Amino acid sequence: MTTFGLDYSGSPPIISCMKEKKVDFVARYLEPASDWKTLTAKEADALRAAGIGIVGLYETSPDSALGGFPRGVVHAKGVLENILTIGMPKNRPVYFAVDFDARGDVLTGPVRQYFLGLASVLPVSMIGVYAGYIPVKYLFDNGLVSWAQQTYAWSRPVIGHKSDGSPIFGPVQWDPRAQIQQYNNGEPYCSGLVDFNRGMYDDIGQWQLKVPGPVPIPRPDIVKEGDVEMRAVLKYGGTPTSGWTGFYSSDGVNRLGCTGMNHAGLIVALGAIDARTHKPVTQENWSDVTWTNKPEELDEWLTPGKD
């Protein structure tokens, strides 16, 4: 069963009207307070009081992901600062925008580096993307995101060409792992101007879960060894050995003690999945993972009550 949601920046809809029309969730921006479109604590409180779920977005400009790794670091740190002022629950995801038709070298270059920058600050379990089909698929396949709000824009494949050479587009191609589908833009609604969305899972990253029970978590079918190891290096500040076969900190000590994808410690550290079973690794099952040398950092990270 899908849910109905909105996202908007300027011209916000009236909250009481949204409640009356049974809007399930809204996706709102979490940029610095000085940004005109940012969610305020007052609005967040009003939405929660109306029983409307909140999903966090982050977009300083449509193509900000072109800033690569450094921009990702800045944005991730900005999220950690801003969410404290508006009451976002701990460990809920944020959808970072790739609001343009990213593909080819742009996608595998600066956009990829942007998400690696995010992952050097945030666990992958908190990182989502707003984008069209191609970036959503690429980022899921490479284990760089755990969440996606896919827009119908840039999601229709070219299936032919007209006589004048202009493209003929097929129907929208949705990635089934995307938790949210944005299917229409710029609609007047409850005295505001909004985009229409549908939630495809019980848990779409909203701050209030209305439906109890197990939550399906879409995960990539394949996680490339180099990608995961690179993120672990970024997170722990070490340097990879040649051939991506292990990690050593600056003093030469093998801090993580993992030598390949048969050891899921790298993924656990980033809040992702067990590479062998493709199932989420939790505080309850992480001890079943085979370790070369279990790092103390993970004991601390997995201790209940700690961030």
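The values are calculated or read from the model by the stated rules, or taken from the named source; none is laboratory data. No experiment lies behind these values; they were computed from the predicted model shown. Reconstructed Cβ throughout: ideal geometry from the backbone, glycine too, with neighbour counts over all protein chains shown.
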>> Just the residues that are surrounded by 21 or more Cβ atoms within 10 Å (Cβ to Cβ) and without any contact (Cβ under 8 Å) to a residue 60 or more places away in the chain, please, taken from the range 30-43.
In response: LEU39
> Can you tell me which residues in the range 145-178 are among the β-branched types (Val, Ile, Thr), more than 13 Å from the chain's Cα centre (by Cα) and in a loop (DSSP other than H, G, I, E, B)?
Replying inline: VAL172
> surrounded by fewer than 24 Cβ atoms within 10 Å (Cβ to Cβ), farther than 21 Å from GLY199 by Cα and of a type outside the set (S, T, N, Q): does that describe VAL111?
Replying inline: no
> Does ASP202 meet the test of being without any contact (Cβ under 8 Å) to a residue 24 or more places away in the chain, of a type in the set (D, E, K, R) and either crowded, with 18+ Cβ neighbours inside 10 Å or closer than 19 Å to ASN91 by Cα (or both)?
Replying inline: yes
> Which condition does ASP175 not pass, out of (1) modelled with pLDDT under 95; (2) among the acidic types (Asp, Glu); (3) in contact with a helix residue (DSSP H, G or I) (Cβ under 6 Å, 6 or more places away or on another chain), if it passes all the others?
Replying inline: (1)
> Which ones in the range 169-199 are hydrophobic (A, V, I, L, M, F, W, C) and without any contact (Cβ under 8 Å) to a residue 60 or more places away in the chain?
Replying inline: PHE169, VAL172, TRP174, ALA178
> Are any residues in the range 64-73 crowded, with 16+ Cβ neighbours inside 10 Å and not basic (Lys, Arg), and if so, which ones?
Replying inline: SER64, ALA65, LEU66, GLY67, GLY68, PHE69, GLY72, VAL73
> Which residues, taken from the range 74-96, are touching a helix residue (DSSP H, G or I) at 6+ places or on another chain (Cβ under 7 Å) and among the hydrophobic types (A, V, I, L, M, F, W, C)?
Replying inline: ALA76, ILE86, VAL94, PHE96
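A quick yes/no check of all residues on (1) within 29 Å of GLU20 (Cβ to Cβ); (2) surrounded by 15 or more Cβ atoms within 10 Å (Cβ to Cβ):
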| residue | (1), (2) |
| --- | --- |
| LEU107 | no, yes |
| LEU122 | no, yes |
| TYR130 | yes, yes |
| LEU139 | no, yes |
| PHE169 | no, no |
| PHE196 | yes, yes |
